[in-house]
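Taking it in order: structure first as structure tokens, then the write-up.
The values are calculated or read from the model by the stated rules, or taken from the named source; none is laboratory data. The shown structure was predicted, so the numbers you read here are calculated from the model rather than taken from an experiment. Positions of Cβ are backbone-derived with ideal geometry, glycine not excepted, and every protein chain shown enters the neighbour counts.
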Amino acid sequence: MVASGPTRPPTSRWCVQMMGQSSEDVPARPPLSTLQRLFADGRAPLIWGVVWGAIQAAAPLGFWWLDPATVYAMSLALIAAVYIGLAVADGRPAVIAVECTVAGAFVVLAAAVIIGSAWLVVIGFVGHGLKDLWQHRSHYVANTRWWPPFCMTIDWVAAAIIAVAIVSGVTLHQ
């Protein structure tokens with residue numbers, strides 16, 4: 001026999017009413033702060049992605065003894081390695097094979113960045129952002145709900161900053 005009753009999920013107000021008390025006895029939930037509202041509704045990965053994208057674009061400042069192109073190339077290779085780790089965590093052999101292949105392509109691109117056109121850096125970050133967008137839409141690798149929008153934002157913010165720098169005359173090769 002199926003129990004009949006309300007179909008909405010229980011809330012503290014609802015529970016108090018079911019116990020025969022007045023709903024006015026339950027304190028209302030305090031309003032969200034500006035910071036809480038800013039990070040609500042899944043925006044936190046995007047906001048942190050902007051912060052880390054700016055840090056990514058500034059990464060060569062922390063490795064002043066290397067060409068900026070080399071630093072960005074190492075970043076592209078490191079980003080690719082993270083996806084191998086996520087694929088291994090997923091555990092499906094086909095996912096691991098696909099992610100290793102994609103990571104290998106980004107490592108080859110990273111090697112080309114070291115001696116090639118500065119625009120290859122931008123292409124690498126934009127391409128990786130597109131891969132993140134595909135991952136977010138397809139959920140190909142399991143348990144990465146927040147990661148793709150976070151990483152996509154990092155990639156595209158870094159690509160935009162680097163593109164502006166290149167157009168402004170900054171060279172990535174010394």
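When A105 is tested against (1) in contact with a helix residue (DSSP H, G or I) (Cβ under 6 Å, 6 or more places away or on another chain); (2) part of a helix (DSSP H, G or I); (3) hydrophobic (A, V, I, L, M, F, W, C), just one condition goes unmet, and that condition is (1). Out of all the residues in the stretch 148-166, is one or more out of contact with any strand residue (DSSP E or B) (no Cβ under 8 Å at 6 or more places or on another chain), touching a residue at least 12 places away in the same chain (Cβ under 8 Å), part of a loop (DSSP other than H, G, I, E, B) and closer than 18 Å to A57 by Cβ? No, the stretch 148-166 contains no residue that is out of contact with any strand residue (DSSP E or B) (no Cβ under 8 Å at 6 or more places or on another chain), touching a residue at least 12 places away in the same chain (Cβ under 8 Å), part of a loop (DSSP other than H, G, I, E, B) and closer than 18 Å to A57 by Cβ.
Among the numbered conditions (1) farther than 23 Å from A44 by Cα; (2) buried (at least 20 other Cβ atoms within 10 Å of the Cβ); (3) among the aliphatic types (A, V, I, L, M), the only one that A105 does not meet is (2).
Residue-by-condition table, conditions (1) assigned to a helix (DSSP H, G or I); (2) in contact with a Ser or Thr (Cβ under 8 Å, 6 or more places away or on another chain); (3) surrounded by fewer than 17 Cβ atoms within 10 Å (Cβ to Cβ); (4) modelled with pLDDT under 95:
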site	(1), (2), (3), (4)
L76	yes, no, no, yes
Y83	yes, no, no, yes
V88	yes, no, yes, yes
V95	yes, no, no, yes
F125	yes, no, no, no
H128	yes, no, no, yes
R137	yes, no, yes, yes
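Does I114 satisfy being in a helix (DSSP H, G or I), surrounded by 21 or more Cβ atoms within 10 Å (Cβ to Cβ), of a type in the set (A, V, I, L, M, F, W, C) and touching a helix residue (DSSP H, G or I) at 6+ places or on another chain (Cβ under 6 Å)? No.
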